[in-house]
1. Express the relative contact order of the chain as a whole percentage, based on alpha carbon pairs under 8 Å and six or more residues apart in sequence.
2. In whole Hz, with x marking every Gly and Pro, tabulate ³J(HN,Hα) for the stretch 27-33 from phi via Karplus 6.51 cos²θ - 1.76 cosθ + 1.60, θ = phi - 60°.
3. Between the helical axis of 101-121 and the dominant principal axis of the chain, each derived from Cα atoms, what acute angle in degrees is found, rounded to the nearest 10?
4. Can you put Met122, Met105 in order, fewest other beta carbons within 10 Å first?
5. Where the centre of each part is set by its Cα atoms, how far does the stretch 138-190 sit from the stretch 11-85, in angstrom?
6. In the stretch 48-190, with Lys and Arg counted as +1 and Asp and Glu as -1 at Cβ, which of these residues, Ile55, Leu71, Gln169, has the Cα nearest the positive end of the dipole, that is, farthest along it?
7. May I ask for the percentage of alpha-carbon pairs in the stretch 98-188 that lie more than 22 Å from each other?
8. Please work out how many pairs of lysine residues in the chain are eight or more positions apart (or on different chains) and have Cα atoms closer than 18 angstrom.
Amino acid sequence: MPVTRQQAEELFRKYNESESLYHHALSVETVMREAAERYGEDPEFWGIVGFLHDIDWEKFPEEHCRKAPELLKEIDAPDELIHAVCSHGYGLVSDVKPEHRMEKMLYTVDELTGLITATALMRPEKMKGITVKSIKKKWKDKSFAAGVNRTLISDGAAMLEMDVNDVIQLAIDGMTRIAPQLGLWPDEAE
């Protein structure tokens, strides 16, 4: 039986209390859903993978991507989901290589959603009207969101055989869908 969104939510909340990490999980989830829809894949499954990708980050940062399989087994996660979650840390904290399009997308958009969030938070209009150009401008400023690994994003786009600008646009489209829920939409009263 596949993992449900409710099971994913309950497991995530069991191991993570940080609202910023929760918003990150939602960001990655929505971008993964956007990608799945574009490629004719299962948006529910891709979304759950995106939502759960950092399941072990808050409580087990030293075991990131290595503790995840144990936690995911609590909800009988299939091997495909576990492999995908472990592969998003490839070359950093994991030797599990992204093999399938879904895994490559997760690998790429994990860092990218952080850059988009940081960029949106610097703009009065937040995600409203944000463009690839505005993200690329911040991309070039290495001191801005310095923790975002831009090389990883570029490498991921290459794995996907996509132009990095197209990946950025896909991520913007996905995140814009839920921008108010992420606190990334301007207050209309302002």
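1. Taking the mean separation of contacting Cα pairs over the length of the chain, I get 22 percent.
2. 3J(HN,Hα) across the stretch 27-33, in whole Hz: 4, 5, 4, 5, 5, 5, 4.
3. Between helix and principal axis, roughly 40 degrees.
4. Ranking Met122, Met105 by Cβ neighbours within 10 Å, fewest first, gives Met122, Met105.
5. The stretch 138-190 and the stretch 11-85 have Cα centres separated by 18 Å.
6. Gln169
7. So the portion of pairs separated by more than 22 Å is 24 percent.
8. So the count works out to 13.
Rule-based calculations on the coordinates, nothing more; no lab input. Treat the numbers as computed from the prediction; the structure is a model and nothing was measured. Counting neighbours? That spans all protein chains shown, and the Cβs are built from the backbone with ideal geometry, glycine included.
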